[in-house]
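Contents: one structure, followed by commentary.
The values are calculated or read from the model by the stated rules, or taken from the named source; none is laboratory data. What you see is a predicted model, and the numbers here were worked out from it, not measured in a lab. Cβ coordinates were reconstructed from backbone atoms using ideal geometry, including for glycine residues, and neighbour counts include every protein chain displayed. Ligands, DNA and RNA are stripped out before the accessible areas are found, and what is left, the full protein with its side chains, is counted by its heavy atoms. Shrake-Rupley method; radii C 1.70, N 1.55, O 1.52, S 1.80 Å.
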Amino acid sequence: KETAGRESTEKARGKNLMAAPLVSIVVPTLNCDKFLRECVASIVQQSYTNWEIIAVDGGSTDQTLGLLQIYACAYPNKIRIFKKEKKGEPNAIDEGMKETKGEILAWLDADDTYEIDTLEKVVQAFVSNKDAAWLYGKCKIINESEEEIRKGITRIKELWGGRHYAYWKLQLAD
C-alpha cells in the first residue's frame, strides 16, 4: 500500500504530465442503479475527453452491474469493471486506485455527478501547478430531484474548512 500511495502521489503531483494527461476516475458502486446513469453520463459528457472509469462493485443485487456492463460495452477502452468483496467504500476506492492507468487520479461516488467542465479544470490546475499534490472544489448538495439542498451546511463547511485547512491555499480550481 505504501508504494501504491507514492505512485499515486507522483502521478498527482504532475510529474511528466503530458498536454492531455489521462484522468482515472474510480467509481465505487453498491446497489446504486437509480443514480448510476447520471454519474456515468456526467463523466462521458465531459468537455475533457481523456478519461477512464474504474468501477469497483461490492456485490450489488440490483441493476448496477447490468448498467455498468452496458456502459463498458459502449465505451470499451474507457470503462473497466471490477467485482470485489464488500468491504466498504474506502476499500473499494483503494482497490480501484490500484487499477488506474492515469496521470491524474480521482474518485466519484456513484450518487454524485461532475459539472461538464470539471475534468478540464482539474487538468488545467495540475498542469499549471506542477507542485500540487491534490486539489478539491466546491460542490452542490442536491436531492433526487436535482434540487439544491443544505446550502447553509455547505457554507458552514466551507467557512470552517477555510480556517482550519487553509482552504484558500488548497483550492486550485472551482
Checklist entry - What residue, among those in segment 129-151 that are part of a loop (DSSP other than H, G, I, E, B) and in contact with a Lys or Arg (Cβ under 6 Å, 6 or more places away or on another chain), is modelled with the lowest pLDDT? => result I141
Checklist outcome for this item: Going through segment 47-64 in order, the residues found to be closer than 21 Å to A106 by Cα, open to solvent by less than 50 Å² (accessible area, probe 1.4 Å) and of a type outside the set (D, E) are Y48, W51, I53, I54, A55, V56, G58, T64
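Rundown of residues vs (1) more than 29 Å from N129 (Cβ to Cβ); (2) over 13 Å from the mean Cα position of the chain (by Cα); (3) at pLDDT 95 or above, yes/no style:
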site	(1), (2), (3)
A19	no, yes, no
I53	no, no, yes
A72	yes, yes, yes
Y75	yes, yes, yes
T113	no, no, no
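Please specify each residue of segment 86-128 satisfying the condition of being under 29 Å from N31 (Cβ atoms), in a helix (DSSP H, G or I) and either open to solvent by less than 80 Å² (accessible area, probe 1.4 Å) or without any contact (Cβ under 8 Å) to a residue 24 or more places away in the chain (or both). So that I can check it myself, show each step before the final result.
Just the residues of segment 86-128 that are under 29 Å from N31 (Cβ atoms), to begin with: 86-102, 104-116, 118-119, 122.
Still in the list and also in a helix (DSSP H, G or I): 89-98, 118-119, 122.
Passing the criteria: P90, N91, A92, I93, D94, E95, G96, M97, T118, L119, V122.
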